[in-house]
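Structure, as structure tokens:
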Amino acid sequence: QVQLVESGGGLVQPGGSLRLSCAASGSIFGIYAMDWARQAPEKQRELVASITSGGSTNYADSVKGRFTISRDNAKNTMYLQMNSLKPGDTGVYYCSVRKSSSTYWGQGTQVTVSS
């Protein structure tokens, strides 16, 4: 089992920045990818960014150039730096990890972009 705890969400004005963190613990050996996803009210959860164990990254088109995913292996922590935030970025942000044939999810952290 892998336990994930997200932090760093909050209320920010349009154009502002936030950095989300995702701390992993438990049976973390063998994790081959980590992801950030978000879910807006009445919408399906969507993948925002991914990073592999080798450091390769992928982003949804809607966040390219504004969000940066990174990981600190020594701290077993993943980050999502979000800049130039828009109201459309509002939602609950979840981190997840992929290990073998399983995916583990955190509890989510709320991000609200509003003036």
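The values are calculated or read from the model by the stated rules, or taken from the named source; none is laboratory data. Computed from a prediction, not measured in an experiment: that's the story for all the values here. Note: ideal-geometry Cβ built from the backbone for every residue, glycine included; neighbour counts use all protein chains shown. SASA here: full protein model, heavy atoms, side chains in, ligands and nucleic acids out. Shrake-Rupley method; radii C 1.70, N 1.55, O 1.52, S 1.80 Å.
Quick notes
- For segment 20-79, the set of residues classified as assigned to a loop (DSSP other than H, G, I, E, B), in contact (Cβ under 8 Å) with a residue 60 or more places away in the chain and surrounded by 15 or more Cβ atoms within 10 Å (Cβ to Cβ) consists of I28 only.
- Candidates I69, I28: the one that is farther than 27 Å from S114 by Cβ and among the β-branched types (V, I, T) is I28.
- Within segment 16-73, being closer than 15 Å to V5 by Cα and aromatic (F, W, Y) holds for one residue alone: W36.
- First in segment 5-18 and under 16 Å from S96 (Cα atoms), second anywhere and in a loop (DSSP other than H, G, I, E, B), Cβ under 8 Å, 6 or more apart: V5/G106; V5/Q107; E6/G106; E6/Q107; E6/G108
- Residue count for segment 80-93 under the criterion of being in contact with a Phe, Trp or Tyr (Cβ under 8 Å, 6 or more places away or on another chain) and part of a strand (DSSP E or B): the result is 4.
- Segment 94-115 - residue that is part of a strand (DSSP E or B) and open to solvent by 40 Å² or more (accessible area, probe 1.4 Å) and, of those, farthest from G8 (Cα to Cα): S102
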